[in-house]
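Working notes, structure below.
The values are calculated or read from the model by the stated rules, or taken from the named source; none is laboratory data. Note that the structure is predicted; figures quoted are calculated from it, not measured. Methodologically, a virtual Cβ is constructed for each residue, glycine included, from the backbone with ideal geometry; neighbour enumeration extends over all protein chains shown. The accessibility values were calculated without ligands, DNA or RNA, using every heavy atom of the protein model including side chains. Shrake-Rupley method; radii C 1.70, N 1.55, O 1.52, S 1.80 Å.
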Amino acid sequence: MSERDPQTKPQEPHAASATRTAAEQAGCAACSGGALARQDIKTAFWEGERLIVVDDIPALVCQNCGEQYYEDQTAMQLDLMRGAGFSADKATRTMTVPVFTFTATGSGHTAERKDGQD
Ligand SMILES: [Zn+2]
């Protein structure tokens, strides 16, 4: 007698119970093991000459050293947003930031001599 496969049900992935990701369980990689907590963070980066701020990003933040981690889906979404070019009319709001110009301290240059290897 040849056995036929009964109708095997595909195993359902544990979609509903995936509240804790692998990264979350592994803990922080930067300080080896710090507890990660879900937090909405903001980040800023230069896009050409424009400074772009994205806020309310869901991230995992190390409660020990502050290192921030994005989940794959979040990182992908950020890439998509970058790809879309951040057109100004889609911005939630505009913020003004203070800009400072770096000025070297004028009183002699004894402090930071890069060539001083006597
Ligand atoms: Zn850490």
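Quick one: divide the alpha-carbon radius of gyration of the range 24-88 by 2.2 N^0.38 Å and tell me what you get.
Taking N as the residue count of the range 24-88, the ratio is 1.25.
Near Met95, within a Cβ-to-Cβ distance under 11 Å, what is the net charge of the other residues, with Lys and Arg +1 and Asp and Glu -1? Numbers along the way, then the final one.
Numbers: positive: Lys42, Arg93; negative: Asp55.
After counting each charged neighbour, the total is +1.
Using a probe of 1.4 angstrom, how much of the accessible area of the range 24-88 is carbon and sulfur, in percent?
Working: 2070 of 4290 Å².
Carbon with sulfur: 48 percent of the solvent-accessible area.
How large is the accessible surface per residue of the range 24-88, computed with a 1.4 Å probe and reported in Å² as a whole number?
Values: 4290 Å² over 65 residues.
Accessible area per residue, the range 24-88: 66 Å².
Counting Lys +1, Arg +1, Asp -1, Glu -1, what net charge surrounds Ala84 among other residues with beta carbon under 13 Å of its beta carbon? Each step should come with its number before you reach the end.
On the way: positive: Arg82, Lys90; negative: Glu47, Asp79, Asp89.
Within the 13 Å Cβ shell, the charges total -1.
Calculated FRET efficiency, Ala75 and Thr101, Cβ-Cβ r, R0 41 Å, to nearest 0.05?
Values: r = 34 Å, r/R0 = 0.82.
For Ala75 and Thr101, the calculated efficiency is 0.75.
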